[in-house]
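The values are calculated or read from the model by the stated rules, or taken from the named source; none is laboratory data. What you are looking at is a predicted structure, and each value in this text was computed from that prediction instead of being measured. With ideal geometry, Cβ positions are generated from the backbone for all residues, glycine too; neighbour counts draw on all protein chains shown. These accessible areas exclude ligands, DNA and RNA; they are computed on the full protein's heavy atoms, side chains included. Shrake-Rupley method; radii C 1.70, N 1.55, O 1.52, S 1.80 Å.
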Amino acid sequence: MRLSAYFLPTLKENPSEAQIVSHRLMLRAGMIRQTGAGIYAWLPLGQRVLKRIERIVREEQDASGAQELLMPTIQPAELWRESGRYDDYGKEMLRIRDRHDREMLYGPTNEEMITDIFKNSCKSYRDLPKNLYHIQWKFRDEIRPRFGVMRGREFLMKDAYSFDLDAAGARRAYQKMFLAYLRTFARLGLKAIPMRAESGAIGGNLSHEFIILAETGESGVFCDRTWLDLDVMAEAPGFDDDLERFFARATGIYAATDEKHDAADCPIPADRLVSARGIEVGHIFYFGTKYSKPLGAVVAGPDGEPVAVEMGSYGIGVSRLAGAIIEASHDEAGIIWPDSVAPFQVGLINLKSGDAACDRVAAEVYGDLRRAGVEVLYDDRAERPGVKFADMDLIGVPWQVLVGPRGVKSGVVELKRRATGERAELSRDSALAKLTGPA
RNA sequence: CCGGGCAUAGCACAGCCAGGCAGUGCGCCUGUUUUGGGUACAGGAGGUCGCAGGUUCGAAUCCUGCUGCCCGGACCA
């Protein structure tokens, strides 16, 4: 992509409405624009990041055996009356009426709808187990949205729903998602700690929140110091292996949200306890027959007797993750994207646009990278080098390739790693090899 | 929802107290200059001063009502 033609409205100054760093940087880097309290438009750069995050989430869901579908954003109120949540959800649910005066709602979650879809087609224990998910926009009418996309009213969420014949099966489904979540967050370049959590309005009695530690986190959390240096994925099993041991070990190291933490009854000594703030990026629940019973999701068991299916639900805040990753990875100059979610892999800077030799070399490097399948943002604007450096640092592209008069003369380009600031002068071929070779 | 604050050009803000030509910096456009970390100079474009009403010869400025947004809290997968 040539930057001269790209819609990338970066800002030099901080918009006054943005207080926390991820919100400021997302606005300044031209990723998002606010259209109302807690409601954002995603501009091309932000959309690219969202798609990258979504893809990793999708790949890990698929790898775990879950199947993707897509449910609507608008739901009939009737479904929610059956579960009793139409009243329970309160003002956080956005309620609307269609032209026939039918009561509808903009879905805050999809337990009722998926259970309804499931029950209409799955009648036998032979149809189990199933895990169905989608990645869809949700709306929760938060009293007080804040922190940009991290606490928006409209947000993109992956939600999965598991159906099993018995509690043992549901436990395995829960553990598979537990593993899928750890794999997902690791790939996103995040250290997410699974913490015992309240199950809230979803209901149920087994629940973990996946938390990233960050000063700007919304909730207080507590964990064993061991977590700070632990690479929990080092000994992670495959999805088809026995997950019980891994699950026991990962959940055996103390970690709890403040609702679940009791200082008077804490299993670890004070000098090992870390008190911090965290951003919730995922939440998983086992809730048994809470929805299957009222909604009639019943299958015939092996003995022919009806059995209400055992369910769980599993959420990942996809749009929130864009903000959370920035909270965890930025510096004074701007965003530092992990390679896995970067909107472009390489930012190519022509330091002297208009100079025939620089234009030629930059265009050739651009072509070479594109042919090699690298997503590259080529800054071909007639701007000062300083402006280009500042913009490229701000938007956080992991690698920068600098083409300037000096290097062109001696036949080299400069390669800069955004995260470390490390630079090296290389021949064009070795730079290309480095950027297209194995990571 | 409670409490506090803000609303003037794309962005950040001054002007309001004490009514009298709509301003500054950045950004944007044109030209010159400069060319390895947001360059310099000159010229230019850009405004329903959030909306509605009131007071006044005259309102960005004073008064009333409304709306939107932000912050703290409570709430919240």
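Taking other residues whose beta carbon is less than 10 angstrom from the beta carbon of A:GLU425, and scoring Lys, Arg as +1 and Asp, Glu as -1, yields +1. Evaluated at q = 0.16, 0.17 Å⁻¹, the base-10 log of the normalised Debye intensity for the stretch A:346-436, with identical point scatterers placed on the Cα atoms, takes the values -0.55, -0.62. Within the accessible surface of chain A, defined with a 1.4 Å probe on protein heavy atoms only, the carbon and sulfur portion equals 49 percent. Applying 1/(1 + (r/R0)^6) with R0 = 25 Å to the Cβ-Cβ distance of A:GLU375 and A:ARG417, what FRET efficiency is obtained, to the nearest 0.05? Efficiency computed from Cβ-Cβ geometry: 0.90.
Measuring gaps between exposed loop sites in chain A (GluC sites (Glu not before Pro); DSSP loop; at most 11 other Cβ atoms within 10 Å), the longest gap, sites not included, is A:18-214. The calculated 222 nm mean residue ellipticity attributable to helices in chain A amounts to -9500 deg cm²/dmol, summing -39500 (n - 2.57) over DSSP H runs of n ≥ 4 and dividing by all residues. Ellipsoid fit via the Cα gyration tensor, the stretch A:296-399: semi-axes of 50, 18, 8 Å, each the root of five times an eigenvalue, largest first. Net charge of the neighbourhood of A:ILE279, taken over other residues with C-beta under 15 Å away and scored Lys/Arg +1, Asp/Glu -1, is -1.
Find the percent of Cα-Cα distances in chain A that exceed 33 Å, and round it to a whole number. Here the tail beyond 33 Å accounts for 43 percent of pairs.
Given a 1.4 Å probe and the protein chains as shown, A:SER4 ends up with an accessible area of around 80 Å². Accessible surface area normalised per residue over chain A is 45 Å², counting heavy atoms of protein chains with a 1.4 Å rolling probe. Using the Cβ-Cβ distance between A:LEU69 and A:ALA5 with R0 = 60 Å, the FRET efficiency computed as 1/(1 + (r/R0)^6) comes to roughly 0.95. The relative contact order of the stretch A:160-306 comes to 35 percent, based on Cα pairs under 8 Å that sit 6 or more residues apart. For A:ASP368, the shell of other residues with beta-carbons less than 14 Å away shows a net charge of +2, using +1 for Lys and Arg and -1 for Asp and Glu. If R0 is 35 Å, the Cβ-Cβ spacing of A:ALA236 and A:SER427 corresponds to a FRET efficiency of close to 0.30. Structural descriptor for the stretch A:63-159: relative contact order 33 percent, calculated from alpha carbon pairs under 8 angstrom and at least 6 residues apart.
Qualifying trypsin sites (Lys or Arg not before Pro) in the stretch A:1-109, where qualification requires a DSSP coil assignment and no more than 14 other C-beta atoms within 10 Å, comprise A:LYS12, A:ARG99, A:ARG102. In the stretch A:316-376, one over the average inverse separation of all distinct C-alpha pairs is 13.8 Å, which is the Kirkwood hydrodynamic radius. Note on A:GLN47 and A:ASP339: the model spin-label points, each 7 Å out from Cα along the C-beta direction, lie 2.7 nm apart.
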